[in-house]
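Below is one structure, written out as structure tokens; comments come after it.
Coordinate-derived values only; no laboratory data. Since the structure is predicted, the reported quantities are computational estimates derived from the model, not experimental observations. Note that each Cβ is placed from the backbone with ideal geometry, even for glycine, and that neighbours are counted across all protein chains shown.
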Amino acid sequence: MNLYGILKSAHSGWRYIVLILLVVAIIQALAGWLGKKGYTEGNRKLNVFTLISAHIQLLIGLVLYFLSPMTKGPTSEPLFRYWKMEHIAIMIVAVVLITVGNSKSKKIKDAVAKHKAIAIFFGIALILIIGSIFMMVKNDPSRTLFGIS
């Protein structure tokens, strides 16, 4: 297996870690926000792990972007346009939202407001990621939704 194949497999598998951490962080943030709970060290660590996992995924994705044959085709074709422009743009925005949400929550003193910031920013990022997955399935016939046919 070449470097491209290894990175593609890593990127494909790592997405599940990112998604699981993101969903758990959002659930905890919503529970803290709506339940008016305190912001714990566990909340902070979960948010940081989510941030780190998303950044690792982005870095692997950026390397893949320059190695992938899918980014070399014409943008007039939906398959190549998705991989060349849409996927990377949406994912960068999602990671920026995760980063901004985590950063904003660190600056806020009120625990409920910290949870709210995480819930909103991480939630929007999750919606973008899920939307991009649906776009991938639509534009790339070789792909399935979360590996499910």
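Candidate cross-link partners of Lys116 among the lysines, defined by an alpha-carbon separation under 25 Å and a same-chain spacing of 8 or more, comprise Lys36, Lys37, Lys45, Lys104, Lys106, Lys107. Distance between the modelled labels on Lys109 and Leu3, one decimal in nanometres: 5.0 nm (7 Å Cα→Cβ projection). A straight Cα-to-Cα reach below 17 Å connects Lys72 with the lysines Lys8, Lys84, residues fewer than 8 places away in its own chain not being considered. Roughly how many whole Å is it from the C-alpha centroid of the stretch 1-76 to that of the stretch 79-118? Comparing the Cα centres of the stretch 1-76 and the stretch 79-118, I get a distance of 11 Å. By the beta-carbon count within 10 Å of each Cβ, the least crowded to most crowded order of Glu41, Glu86, fewest first, is Glu41, Glu86. Here the convex hull built on the C-alpha positions of the stretch 3-139 has a volume of 94 cubic angstrom per residue. With R₀ fixed at 35 Å, the C-beta to C-beta distance from Thr71 to Ile20 puts the FRET efficiency at about 0.80.
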